[in-house]
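Visitor: Okay, here's the structure, questions in a sec.
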Amino acid sequence: MWRVTKNEQDNKDNSLYDLVKVNYPRAFQCTMRVKKFIEETYDYHLSKDECTYLTVHIQKLLDV
């Protein structure tokens, strides 16, 4: 939330983002749907860090 209130951009190294994108394609695709829903519904743009976090946790659910 701090990132949103301070309008901080996502300028970090994205290697973890790229790693989960490649290794967890189904979970990443689901994350992109969630991201689109949040952007359209709440006008809130998820950072790559937030997408990485969601992807990892969605993948955990898919592994169950």
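Visitor: Is at least one residue of the range 55-62 surrounded by 10 or more Cβ atoms within 10 Å (Cβ to Cβ), in contact with a helix residue (DSSP H, G or I) (Cβ under 8 Å, 6 or more places away or on another chain) and modelled with pLDDT under 95?
Guide: Within the range 55-62, not a single residue is surrounded by 10 or more Cβ atoms within 10 Å (Cβ to Cβ), in contact with a helix residue (DSSP H, G or I) (Cβ under 8 Å, 6 or more places away or on another chain) and modelled with pLDDT under 95.
Visitor: Taking only the range 30-40 into account, find how many residues are surrounded by 12 or more Cβ atoms within 10 Å (Cβ to Cβ) and either among the basic types (Lys, Arg) or more than 10 Å from the chain's Cα centre (by Cα) (or both).
Guide: Of the residues in that region, 3 qualify.
Visitor: Out of all the residues in the range 35-58, which are part of a helix (DSSP H, G or I), touching a residue at least 24 places away in the same chain (Cβ under 8 Å) and over 21 Å from Asp13 (Cβ atoms)?
Guide: Ile58
Visitor: Could you please give the count of residues in the range 20-29 that are touching a residue at least 12 places away in the same chain (Cβ under 8 Å) and either within 12 Å of Leu61 (Cβ to Cβ) or surrounded by fewer than 12 Cβ atoms within 10 Å (Cβ to Cβ) (or both)?
Guide: Within the range 20-29, residues that are touching a residue at least 12 places away in the same chain (Cβ under 8 Å) and either within 12 Å of Leu61 (Cβ to Cβ) or surrounded by fewer than 12 Cβ atoms within 10 Å (Cβ to Cβ) (or both) number 3.
The values are calculated or read from the model by the stated rules, or taken from the named source; none is laboratory data. The shown structure was predicted, so the numbers you read here are calculated from the model rather than taken from an experiment. Cβ coordinates were reconstructed from backbone atoms using ideal geometry, including for glycine residues, and neighbour counts include every protein chain displayed.
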